[in-house]
Amino acid sequence: MVSLSAKAQKLTPPHFRGGDKAFHEFLDQNLKWPKDSLVKQGIVKVSFYVESNGLLSGIKLVQGFAPEFDKEALRVINLSPRWVPATRDGKFIKSKYSVPILYESIEL
């Protein structure tokens, strides 16, 4: 007789220190609208790894919409402070993460 036991692993995804609100504030403070751009809105999607020590690596563009906005999104993600890494069963692990960055011109 063979006995198999399945152990459920507890996974927690990585996150920016301070949560989503802090991440949005970080983006608001650091993203710059490219000069002389006629673009009104678009989304840039960036992916990266959050290492087990919280540093970001392998930052790359997944989906872009205009070169100057794509470059700016990559610049800002590269400025990011350490994240809280993902955990598996209470141990920090490397994990992949992606984030959409929305650019939207607001007319005043």
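Would you list Asp70, Asp28, Asp89 from fewest to most Cβ contacts within 10 Å? Please report the intermediate quantities before stating the final value.
Numbers: Asp70 19, Asp28 8, Asp89 11.
Listed from fewest to most nearby Cβ atoms, that is Asp28, Asp89, Asp70.
Is there a pair in Lys45/Lys91; Lys21/Lys60; Lys35/Lys60; Lys32/Lys71; Lys71/Lys94; Lys40/Lys96 whose C-alpha atoms are over 20 Å apart, and which pairs would that be? Walk me through the numbers before you get to the answer.
Working: Lys45/Lys91 28 Å; Lys21/Lys60 23 Å; Lys35/Lys60 23 Å; Lys32/Lys71 11 Å; Lys71/Lys94 25 Å; Lys40/Lys96 30 Å.
The answer is Lys45/Lys91; Lys21/Lys60; Lys35/Lys60; Lys71/Lys94; Lys40/Lys96.
Note down the magnitude of the dipole of the range 11-104 about its Cα centre, charges +1 on Lys and Arg C-beta and -1 on Asp and Glu C-beta and zero elsewhere, to the nearest 20 debye. Don't jump to the answer; show the numbers that get you there.
Working: 14 positive and 10 negative charges, 63 e Å.
Computed about the Cα centre, the dipole is about 300 debye.
Using helices alone, what [θ] at 222 nm do you get for the chain, with -39,500 (n - 2.57) per DSSP H run of 4 or more residues, divided over all residues and rounded to the nearest 500? Write down the numbers at each step before the final one.
Numbers: 2 runs with 25 residues, N = 108.
My calculation for the chain gives -7500 deg cm²/dmol from helical runs alone.
For Lys32, Lys94, what's the fewest-to-most ordering of other Cβ within 10 Å of each Cβ? Display every interim value, and only then the final one.
Working: Lys32 8, Lys94 15.
Lowest to highest Cβ neighbour count: Lys32, Lys94.
By count of other Cβ within 10 Å, fewest leading, how are His24, His15 ordered? Don't jump to the answer; show the numbers that get you there.
Details: His24 13, His15 16.
Ranking His24, His15 by Cβ neighbours within 10 Å, fewest first, gives His24, His15.
Taking the 0 to 90 degree range and rounding to the nearest ten, how far is the long axis of helix 19-30 tilted relative to the main principal axis of the chain, both from C-alpha atoms?
That helix lies at roughly 30 degrees to the long axis.
Since every read-out is calculated from the coordinates, none of them should be taken as a lab result. This one's a predicted model, so the numbers in the text were calculated from it and none came from an experiment. Using ideal geometry, Cβ is built from the backbone for each residue, glycine included, and neighbour counts are taken over all protein chains shown.
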